[in-house]
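The values are calculated or read from the model by the stated rules, or taken from the named source; none is laboratory data. Because the structure is predicted, anything quoted here is derived from the model rather than measured. In this analysis, Cβ positions are derived from the backbone assuming ideal geometry, glycine residues included, and neighbour counts consider all displayed protein chains. Just so you know, the surface numbers come from the protein's heavy atoms only, side chains and all, with ligands and any DNA or RNA stripped out. Shrake-Rupley method; radii C 1.70, N 1.55, O 1.52, S 1.80 Å.
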Amino acid sequence: MKIGIIGLGLIGGSLGFDLRHRGHLIYGVSRKESTCKKAVEKGIVDHASINLHSLSLVDIIFICTPINLIYPTLQKLITNLKQDIIITDVGSVKSPIVKQCELLWDNFVGGHPMAGTAEQGIEAAQKNLFKNAPYVITPTKKTPKNSIKILEDLAQSLESIVYTCSPETHDQAVAWISHLPVMISASLIAACSSEKEQTVLKLAQKLASSGFRDTSRVGGGNPELGVMMAQYNKTALLHTLDGYRQQLDEITEYINTEQWDSLEKLLMMTQEGRLPFI
Ligand code: NAP
């Protein structure tokens, strides 16, 4: 197939590596000339350009720009594009993107390859990033069946594990396991840092070890990405924060009123409850 990839960063670049390795002809588009040049040198794409119109002859286009640029990119892209070209995206939030994009392009299929690293940009692109990772496809009633099948086949060829669900179900699930943990972890760091007693704070910083490193990792990530998650997935994220606050209140009450049995029951339940998530 002839495949277009817009946004040659971590996700776009990694897709380019693997799809090209599987024999497809890859046409890349990125914002910077220097990125296009690197993409060709590294073997990520066969052709690269800063011009969206270079994609007029491909069969399918992956929009891999930052999430806030997916819709504006689609708006610019579709002037002079043949109606049968499938356009998909890789954005980490689906409902607002799919809602807007399918109004503009009938042959749009939302997607989210759930793999990544803490790095960004073309230098972070790597081979086999999507192997054994989930690839969620989020069609609606409007999405052409044949286009869903083509995206599914491509995702399977990357050795991803393909899931199909509505954009809303995707966003709620991702809010629980990805966006809520970022906000909880950020709150943990902020709360610890608010300790007024300097001797305690300094000692805590020295004593912090693997447990704190694990629980604070996602809260110490890229602030721009955290804000985008909250902006784009506001309703689903607020729902999870509400559930989390209720749990925290319950635990606080157990400790305050010394209901140790109830606390133990809860912790026994969470010990078991964690397993299906990991
Ligand atoms: P990234 O590494 O920053 O890559 C995005 C690339 O897009 C940049 O390297 C930039 O390349 C290019 N770009 C920016 N503006 C552009 C424009 N107007 N036109 C064309 N290219 C443009 O980001 P990423 O982590 O790959 O994320 C990309 C998308 O994947 C996001 O929508 C995100 O939600 C989604 N996603 C991310 C992850 C993750 O873990 N990071 C996981 C799954 C999905 P140059 O400026 O160098 O040309």
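Give the range of the longest stretch in the chain that excludes all GluC sites (Glu not before Pro) found in loop regions by DSSP and having at most 16 other beta-carbon atoms within 10 Å.
Values: sites that count: GLU119, GLU159, GLU195, GLU197, GLU258.
By the stated rule (loop sites, at most 16 other Cβ atoms within 10 Å), 1-118.
Ignoring ligands, DNA and RNA, what percent of the accessible area of the stretch 170-277 is carbon or sulfur (1.4 Å)?
Details: 4740 of 7920 Å².
Roughly 60 percent, rounded to a whole number.
Among all the aspartates and glutamates, which ones have a C-alpha under 19 Å from LYS141's C-alpha, if same-chain residues fewer than 8 places away are not counted?
List returned: ASP84, ASP89, GLU102, ASP106, GLU152, GLU168, ASP171.
Rounded, prolate or oblate for the stretch 170-277? Axes are the square roots of the Cα gyration tensor eigenvalues, ordered a ≥ b ≥ c, and the cut-off for rounded is a/c under 1.5.
oblate
Give a quick list of trypsin sites (Lys or Arg not before Pro) in the stretch 106-201 that DSSP marks as loop, anything other than H, G, I, E or B, with at most 15 other Cβ atoms within 10 Å.
LYS127, LYS131, LYS141, LYS142, LYS196
Taking H as built 1.01 Å from N, whose amide H comes closer than 5 Å to the amide H of VAL162, not counting residues under 5 places away?
Close amide H contacts, sequence-distant or interchain: TYR135.
What aspartates and glutamates does LYS38 reach when the alpha-carbon gap must be under 12 Å and sequence neighbours fewer than 8 apart in one chain are set aside?
ASP46, GLU123
Go through the stretch 168-183 residue by residue and turn each phi into a ³J(HN,Hα) via Karplus (6.51, -1.76, 1.60, θ = phi - 60°); whole Hz please, and just put x for glycine and proline.
5, 5, 4, 5, 5, 5, 5, 4, 5, 9, 10, 7, 4, x, 5, 6
Name the most mobile residue of HIS179, HIS47, HIS112, meaning the one with the largest mean-square fluctuation, in a Gaussian network model of the chain with Cα contacts below 10 Å.
Result for the chain, Cα springs under 10 Å: HIS47 fluctuates most.
May I have the pair-distance distribution P(r) for the stretch 2-165, computed from all Cα-Cα distances with 5 Å bins from 0 and rounded to whole percent?
Percent of pairs per bin, in order: 2, 10, 21, 24, 23, 15, 5, 1, 0.
If the cut-off is a Cα-Cα distance under 30 Å, which lysines reach LYS145, setting aside same-chain residues fewer than 8 apart in sequence?
Reachable lysines: LYS2, LYS76, LYS82, LYS94, LYS99, LYS127, LYS131, LYS234.
Can you work out ³J(HN,Hα) from phi for every residue in the stretch 222-234, in order, using Karplus 6.51 cos²θ - 1.76 cosθ + 1.60 and θ = phi - 60°, giving whole Hz and x for Gly and Pro?
Result, ordered by residue: 5, x, 4, 5, x, 5, 4, 4, 5, 5, 7, 10, 3 Hz.
Return the sequence-ordered ³J(HN,Hα) values of the stretch 23-39 in whole Hz as given by the Karplus equation 6.51 cos²θ - 1.76 cosθ + 1.60 applied to θ = phi - 60°, using x for Gly and Pro.
x, 7, 9, 10, 10, x, 10, 9, 6, 9, 4, 4, 5, 4, 4, 4, 4
Measuring from centroid to centroid over Cα atoms, what is the spacing of the stretch 231-278 and the stretch 144-176 in Å?
29 Å
With just the Cα atoms defining each centre, how far is the stretch 196-219 from the stretch 27-57? Give it in Å.
Answer, in whole Å: 44.
Build a GNM of the chain with springs between Cα atoms under 10 Å: which of VAL29, VAL227, VAL218 gets the top mean-square fluctuation?
Its mean-square fluctuation being the largest, the pick is VAL227.
Among SER54, SER30, SER193, which one moves the most in a GNM of the chain with springs linking Cα atoms closer than 10 Å?
Among SER54, SER30, SER193, the largest GNM mean-square fluctuation belongs to SER193.
Helix-only estimate, please: 222 nm mean residue ellipticity of the chain, summing -39500 (n - 2.57) across DSSP H runs of length 4 or more and dividing by its residues, to the nearest 500.
So the helix-based figure for the chain works out to -15000 deg cm²/dmol.
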